[in-house]
Amino acid sequence: MCLSIKRTGIFVLLLAFFLLGYACADDPVNATYQTHSIRTETSVVVYGTFTNEASIVWQQSTGALDDSTSLDLYERQATMSYSESTYANNGYVEYNRVADLDTGNQVVNQNNFKSTRQLDFESFSDAYGSVVTSESLALDTVSMGSLASDRFTCPFASSGSSVIPPYCNILEMGSSFSGTAVSLTSVASERHIAARADVPVAMDYGISLAGQGTASAYYRMHLQGGRDPGYVSPFGDDGISAQKSLDIMASEKTTASGAIQSFEKTMSYGSGTRRY
Amino acid sequence: MRIIVPVSFALLLLLMGTATAGSIPAFCNIMEMGSSFSGKALSMTTITGDQYVGSSLFRPQTTTYSADIAGIGTATSFMRGTMNGASSSISFSQQTTASGTIMKYFAEYHWSSGGSC
């Protein structure tokens, strides 16, 4: 019986995806005067039932956050959102998760947010135990352009253009699993706060699991950018405008069901005017 | 005979500030952390701490909470809060619950907030 399951199941799924955003180059939002750090560490081993719910929504602007739907000239805004939920019942559960949020300026090899989690679940043999878990990380960045001379430390970075053009980028990465047994690890991280435009915006997501059930991992994005700076309409009543020169929509989703021997997927996004 | 042992702790911190000309921008932060347990067997340790009266602007405000539990029953811990400033808004929450024979339950929450140089 066991052999039969293995034959009909999915033996190996190994997929790596790298996305590099050059055209709609992000200019990170700089930190506010008051910065916050939040760290949570959770470690649970239980025979029975387990639930975990976590969420973060973080919005930040170079100007003022208000009800206005339009940005001022040279204003940049970013919204980051993260959610994770796990429900497991009638089984053996091991759950470990460490999450760090830091709203301060970051450098090129550091992150504003990072979550690392590990989940093991096995249903009791005499009960119909199951586990459902999902995780999502999203980043939405918009800009009406920036003066390059104000935004670079690198003396050569602003020689190509006097402005960093307007852009509007949104992307989401995540995964889910439901089934009766799983051993899972996932890492989600992102960076969008930096003092200068020398530091690119980044998001990374990776998941690795084996188990009995259905696993999915995905990304989706929409990147839009211009070549010229945002401008104030000469006619006075049209507010701030920007012209779009590039539009990219992309998505990918991988799903496996059955006796999953290996499911690995990594996704990496980088966007900036100065990159490796 | 079943013995119910309810245990709960919560730590709530509300901080507000007002902008003054040429100084510190306005802010309004609130953070709550806590835990609870009900069941028939328990070994539990919690640690709470906060620091919000500082002698320096650059001594950050901090709130910490940890719960270390083993037992038979239901254990819950949580952290939730919002941080609002003129240019930023953050809402945050996490809640973890385990029921049954709890071999290990450890949750630690830390929040720090302060001015940047």
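The values are calculated or read from the model by the stated rules, or taken from the named source; none is laboratory data. Keep in mind the model is a prediction, meaning the values are calculated, not measured. Cβ sites come from the backbone with ideal geometry, for glycine too, and all protein chains shown count toward neighbours. Protein only, heavy atoms only, side chains kept; ligands, DNA and RNA dropped before computing areas. Shrake-Rupley method; radii C 1.70, N 1.55, O 1.52, S 1.80 Å.
Before moving on, here are some points about what is shown:
- Test for A:V93: is it within 20 Å of A:S208 (Cα to Cα), surrounded by fewer than 19 Cβ atoms within 10 Å (Cβ to Cβ) and within 14 Å of another protein chain (Cβ to nearest Cβ): no
- Top-ranked residue of the range A:121-141 - restricted to ones that are over 23 Å from A:Y218 (Cβ atoms) and not small (G, A, S), ranked as most open to solvent (accessible area, probe 1.4 Å): A:Y128
- The residues in the range A:105-120 that are open to solvent by 10 Å² or more (accessible area, probe 1.4 Å) and not charged (D, E, K, R) can be counted, and the count is 9.
- The one condition from (1) buried (at least 23 other Cβ atoms within 10 Å of the Cβ); (2) within 20 Å of A:T49 (Cβ to Cβ); (3) at the interface with another protein chain (Cβ under 8 Å from one of its Cβ atoms) that B:T101 does not meet is (1).
- Screening B:R2 with (1) more than 22 Å from the chain's Cα centre (by Cα); (2) at pLDDT below 70; (3) open to solvent by less than 70 Å² (accessible area, probe 1.4 Å) gives one miss only, at (3).
- Total residues in the range A:190-210 satisfying the condition of being open to solvent by 10 Å² or more (accessible area, probe 1.4 Å) and either out of contact with any Cys (no Cβ under 6 Å at 6 or more places or on another chain) or modelled with pLDDT of 95 or more (or both): the figure is 10.
- Only a single criterion out of (1) open to solvent by less than 50 Å² (accessible area, probe 1.4 Å); (2) without any contact (Cβ under 8 Å) to a residue 24 or more places away in the chain; (3) not basic (K, R) is not satisfied by A:D67, namely (1).
- Residues considered: B:G49, B:G81. Of these, the only one that is in a strand (DSSP E or B) and surrounded by 19 or more Cβ atoms within 10 Å (Cβ to Cβ) is B:G81.
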